[in-house]
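Everything below concerns the one structure shown next.
The values are calculated or read from the model by the stated rules, or taken from the named source; none is laboratory data. Just so we're clear, the structure is a prediction, and the values are computed from it rather than from any experiment. FYI the Cβ positions are ideal-geometry reconstructions off the backbone, even for glycines, and counts take in every protein chain you see. Calculation scope for accessible area: heavy atoms of the full protein, side chains included, ligands and nucleic acids excluded. Shrake-Rupley method; radii C 1.70, N 1.55, O 1.52, S 1.80 Å.
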Amino acid sequence: SQQGEEDPQALSIQEGENATMNCSYKTSINNLQWYRQNSGRGLVHLILIRSNEREKHSGRLRVTLDTSKKSSSLLITASRAADTASYFCASPQGGSEKLVFGKGTKLTVNP
Amino acid sequence: GAVVSQHPSWVICKSGTSVKIECRSLDFQATTMFWYRQFPKQSLMLMATSNEGSKATYEQGVEKDKFLINHASLTLSTLTVTSAHPEDSSFYICSANFPAGGTYEQYFGPGTRLTVT
């Protein structure tokens with residue numbers, strides 16, 4: 001089954017710097033979604049990018065999708081300490097509504 | 001919009017007892033909800049898909065008699081952990097599908113931390 005794999009597994013940066021996280025997947029997808037999870041909390045939906053889209057922006061977030069390489073990236077610009085969280089990519093499995101999650105990237109933004 | 005709630009947020013129970021966790025879509029109707037389990041520092045593991053008005057679909061390796069799912073209405077799904085044991089201690093998260101332009105976005109509840117003593 002397809003699975004998103006994020007890299008790096010952990011990322012530590014200073015406030016104000018940009019953070020880039022990557023996600024690779026194995027099979028064709030209709031869309032790919034990025035989520036944030038603060039420690040011990042539920043997931044927050046950040047952005048959905050469709051397979052016919054190459055780039056999408058939302059505030060300080062920029063997501064790209066390269067279907068030829070089966071990869072996506074999430075860029076957080078001008079990071080803040082509050083951005084400290086784990087970030088997951090996920091995509092629907094086959095033709096179903098089920099999402100398959102990657103292992104996540106743990107981002108730490110140091111003040 | 002697209003808010004999902006879970007109740008309780010945490011629960012401690014004794015071995016052998018059953019625990020019910022509720023998942024509600026507050027401002028939209030969800031024909032499909034999902035239940036996940038998450039171990040510390042790990043990703044989410046899908047347990048089952050909850051379908052309103054029909055039986056849940058369980059993922060391979062998940063005991064359906066252990067984890068009872070009932071999707072009684074378009075805004076409520078419940079997960080009951082029966083005869084809980086310490087190894088059932090985990091973080092349980094539900095989500096609901098929200099239609100978004102021909103596809104779905106999943107919105108998650110805040111999670112329920114279950115500790116079985």
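Observations, loosely collected:
- Interface residues in the stretch B:70-103 - accessible area drops by 40 Å² or more relative to the isolated chain, probe 1.4 Å: B:T103
- Largest first and in whole Å, the equivalent-ellipsoid semi-axes of the protein assembly as shown read 30, 20, 15, each the square root of five times a Cα gyration tensor eigenvalue.
- Whole-Hz ³J(HN,Hα) from phi, Karplus 6.51 cos²θ - 1.76 cosθ + 1.60, for the stretch A:24-36, glycine and proline x: 10, 9, 9, 10, 4, 10, 8, 7, 9, 10, 10, 10, 10
- Size of the B/A contact, given as accessible area buried on both chains, probe 1.4 Å, in Å²: 1600 Å²
- When the C-alpha to C-alpha distance is required to be over 27 Å, the pairs from A:K56/B:K41; A:K98/B:K66; A:K106/B:K20; A:K26/B:K66; A:K26/B:K64; A:K26/B:K20 that qualify are A:K56/B:K41; A:K106/B:K20; A:K26/B:K66; A:K26/B:K64; A:K26/B:K20.
- When chain A is reduced to its Cα atoms, the Kirkwood hydrodynamic radius in Å: 13.9 Å
- Compactness relative to 2.2 N^0.38 Å, alpha carbon Rg of chain B: 1.01
- Carbon plus sulfur fraction of accessible area for the protein assembly as shown, probe 1.4 Å, in percent: 49 percent
- The mean number of Cβ atoms from other chains found within 10 Å of a Cβ in peptide A:36-49 is 5, as a whole number.
- Cβ-derived FRET efficiency at R0 30 Å, B:N51 paired with B:S89, nearest 0.05: 0.65
- The simple Förster model, with R0 at 22 Å and r as the Cβ-Cβ distance, assigns A:S24 and B:Q60 a FRET efficiency of 0.40.
- The simple Förster model, with R0 at 30 Å and r as the Cβ-Cβ distance, assigns B:H7 and A:N52 a FRET efficiency of 0.15.
- The gain in end-to-end length when the B:K20 to B:T82 segment is fully stretched comes to 21.5 nm, 0.36 nm per residue minus the alpha carbon separation.
- Of all segments of chain B bounded by trypsin sites (Lys or Arg not before Pro) found in a DSSP loop with no more than 11 other C-beta atoms within 10 Å, the longest spans B:42-117.
- Å² of accessible area per residue within the stretch A:1-109, as computed with a 1.4 Å probe and no ligands counted: 46 Å²
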